Amino acid sequence: MEKLARFGYVAKGVVYALIGVLAVLAAFNAGGGQTTSTSGVLHTIASKPFGTVLLLIIGIGLIGYVVWRLIQAINDPEHKGDDAKGIARRLGYAISGLAYVGVAVNAILLALGSGGGSSGGNSQQDWTAKVLQQPFGQWLVGIGGALVIGIGIYRLYEAYKIKFRKQLKISEMDNNKQDWLVNISRFGVAARGVIFIILGFFFIQAAKQSDASEVKGLDGVLQTIAQQPFGKILLCIVALGLVAYGVYLFVQAKYRRININ
């Protein structure tokens with residue numbers, strides 16, 4: 001199970017690193033560049049030589065990631081506890097895992113030639129539309145957006161304080177690599193935080209206007225960044241941040257303390 005969990009971090013890291021690389025190419029108007037989501041990058045992989053094999057590997061790896069996150073949430077091997085803070089952390093693990101069930105399934109379905117699901121943005125819009133139709137739907141979407149922004153702010157705090165160091169077996173790192181691996185990881189976690197904050201504002205905008213189409217996925221975030229003043233520079237920075245986030249996940253795969261029991 002530990003090996004499968006580490007494999008899961010690698011699979012997730014590959015997905016985000018590729019999204020970042022494609023966005024960097026798009027920032028420089030290079031061939032093959034695009035701003036895309038997790039679903040979009042899976043379709044890109046599917047079109048490449050040996051894409052089917054790679055998709056199967058990614059799909060299996062992401063299943064490992066999902067299972068590990070659920071173990072963290074249910075078995076509490078990291079002893080987060082049953083107080084409010086501990087339950088919040090464990091609930092976050094569960095949500096993090098379940099969020100990648102669809103990505104894993106899409107990867108496997110694409111590998112088997114059965115097509116894939118809709119993009120993250122469309123999926124989020126569908127769910128948002130359903131929530132908006134419920135009593136107090138606008139409030140629920142707005143609160144959801146505020147929570148997403150809160151996660152993004154915490155990610156920035158985590159990067160600033162290097163909170164993730166506590167999870168790593170730092171002593172096993174080569175002294176020459178330790179500093180730059182940690183700093184690249186900080187950059188990646190911070191970039192992920194910025195993306196969460198922008199996603200949260202999309203949800204709040206959807207709540208204000210009662211319009212689910214205001215919600216966008218990762219591809220929408222990258223496109224929005226590219227449309228701002230100095231958009232290409234900003235897009236390149238965030239895209240490199242996604243590549244760095246992929247490196248952070250590779251670091252987690254190799255050096256994270258994983259206790260299943």
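Once the Cβ-Cβ distance between Ile143 and Lys169 is put in as r, and R0 is 25 Å, what FRET efficiency do you end up with, to the nearest 0.05?
On the way: r = 38 Å, r/R0 = 1.51.
According to the calculation, E is roughly 0.10.
For Lys3 and Ala88, calculate 0.36 nm times their separation in residues minus their Cα-Cα distance, and state this gained length in nm to one decimal. Show your work: numbers first, answer last.
Working: separation 85, 0.36 × 85 = 30.60 nm, distance 2.63 nm.
Gain on stretching Lys3 to Ala88: 28.0 nm.
Work from the charge dipole of the chain (Cβ charges, +1 for Lys and Arg, -1 for Asp and Glu, about the Cα centre) and give the residue of Ala244, Gly113, Gly61 farthest towards its positive end.
Ala244
What do you get when you divide the Cα radius of gyration of the chain by 2.2 N^0.38 Å, with N the number of residues?
Numbers: Rg = 18.2 Å, N = 261, 2.2 N^0.38 = 18.2 Å.
Ratio of Rg to 2.2 N^0.38 Å for the chain: 1.00.
Dipole of the chain (Lys/Arg Cβ +1, Asp/Glu Cβ -1, origin at the Cα centre): which of Phe164, Leu42, Ala11 lies farthest to the positive side?
It is Phe164.
Under a 1.4 Å probe, what is the accessible area of segment 61-151 per residue, stated in Å²? Don't skip to the end; give the middle numbers.
On the way: 4950 Å² over 91 residues.
Computed with neighbouring chains in place, this is 54 Å² per residue.
Rounded, prolate or oblate for segment 177-261? Axes are the square roots of the Cα gyration tensor eigenvalues, ordered a ≥ b ≥ c, and the cut-off for rounded is a/c under 1.5. Provide the component values of the computation, followed by the final result.
Working: a/c = 3.65, a/b = 1.66, b/c = 2.20.
The shape class here is oblate.
Using Cα centres only, tell me the gap between segment 1-32 and segment 37-71 in whole Å.
10 Å
Could you go through segment 126-133 in sequence order and give the Karplus-derived ³J(HN,Hα) for each residue, using 6.51 cos²θ - 1.76 cosθ + 1.60 with θ = phi - 60°, rounded to whole Hz, and x for Gly and Pro?
Calculated HN-Hα couplings, in order: 4, 5, 5, 4, 5, 5, 4, 7 Hz.
Compute the relative contact order of segment 167-236 as a whole-number percentage, counting only Cα pairs closer than 8 Å that sit 6 or more residues apart in sequence.
Details: 27 pairs, mean separation 12.7, N = 70.
Relative contact order, segment 167-236: 18 percent.
Could you tell me whether segment 75-157 comes out rounded, prolate or oblate from its Cα gyration tensor? Rule is a ≥ b ≥ c as square roots of the eigenvalues, rounded for a/c under 1.5, then prolate if a/b exceeds b/c, otherwise oblate. Each step should come with its number before you reach the end.
Details: a/c = 2.28, a/b = 1.22, b/c = 1.87.
It is oblate, given that a/c is not under 1.5 and a/b is not larger than b/c.
Test of understanding: what is the full-extension gain from Lys177 to Lys161, defined as 0.36 nm times their sequence separation minus their Cα-Cα distance? Kindly include the intermediate steps, with their values, before the conclusion.
Numbers: separation 16, 0.36 × 16 = 5.76 nm, distance 1.93 nm.
Contour length minus the Cα-Cα distance gives 3.8 nm.
Which whole-Hz ³J(HN,Hα) couplings does segment 42-54 yield from phi under the Karplus relation 6.51 cos²θ - 1.76 cosθ + 1.60, θ = phi - 60°, glycine and proline marked x?
Once θ is set to phi - 60°, the couplings for segment 42-54 become 5, 5, 5, 4, 4, 7, 9, x, 6, x, 4, 5, 5 Hz.
At a 1.4 Å probe radius, which order do Glu158, Glu2 fall into by accessible area, largest first?
Reading off the accessible areas and sorting them downward yields Glu2, Glu158.
Does segment 215-261 classify as rounded, prolate or oblate by the C-alpha gyration tensor (a ≥ b ≥ c root eigenvalues; a/c under 1.5 gives rounded; else a/b over b/c gives prolate, otherwise oblate)?
Numbers: a/c = 6.12, a/b = 2.39, b/c = 2.56.
Oblate, since a/c reaches 1.5 and b/c is not below a/b.
Would you calculate, for the chain, the mean residue ellipticity at 222 nm contributed by helices, counting each DSSP H stretch of 4 or more residues as -39,500 (n - 2.57) and dividing by all residues, to the nearest 500?
Details: 10 runs with 192 residues, N = 261.
My calculation for the chain gives -25000 deg cm²/dmol from helical runs alone.
So, with a 1.4 angstrom probe, what is the percent of accessible area on segment 219-261 that is carbon and sulfur? Walk me through the numbers on the way to the answer.
Details: 1280 of 1990 Å².
The C+S portion of the solvent-accessible surface of segment 219-261 is 65 percent.
Just to be sure I follow: if Rg is taken over the C-alpha atoms of segment 1-134 and Rh is the Kirkwood radius over the same atoms, what is Rg/Rh? Walk me through the numbers before you get to the answer.
Details: Rg = 16.7 Å, Rh = 16.1 Å.
Here the Rg-to-Rh quotient is 1.03.
In terms of modelled amide H atoms, which long-range or inter-chain residues lie less than 5 Å from the amide H of Gly217?
Sorted by chain and number, the residues that satisfy this are Gly121.
Heavy-atom accessible area of Phe202 with all protein chains present, probe 1.4 Å, nearest 10 Å²?
30 Å²
So which chymotrypsin sites (Phe, Trp or Tyr not before Pro) in segment 43-122 are both in a DSSP loop and have at most 14 other Cβ atoms within 10 Å of their Cβ?
The qualifying sites are Phe50.
Students sometimes get this wrong: rank His79, His43 by accessible area, probe 1.4 Å, all chains present, largest first. Display every interim value, and only then the final one.
Values: His79 145, His43 85 Å².
From most accessible down to least: His79, His43.
Sort Lys3, Lys216 from largest to smallest accessible area, using a 1.4 Å probe on the heavy atoms of the protein chains. Walk me through the intermediate numbers first.
Values: Lys3 175, Lys216 65 Å².
Of Lys3, Lys216, the descending order of accessible area is Lys3, Lys216.
When the accessible area of segment 50-169 is split by element with a 1.4 Å probe, what percent falls to carbon and sulfur? Display every interim value, and only then the final one.
Values: 4530 of 6700 Å².
That fraction is 68 percent.
The values are calculated or read from the model by the stated rules, or taken from the named source; none is laboratory data. As the structure is a computational prediction, the values presented were derived from the model and not from experiment. For neighbour counting, all protein chains shown are included, and Cβ atoms are generated from backbone atoms with ideal geometry for every residue, glycine included. Heavy atoms of the whole protein, side chains included, go into the accessibility calculation; ligands, DNA and RNA do not. Shrake-Rupley method; radii C 1.70, N 1.55, O 1.52, S 1.80 Å.
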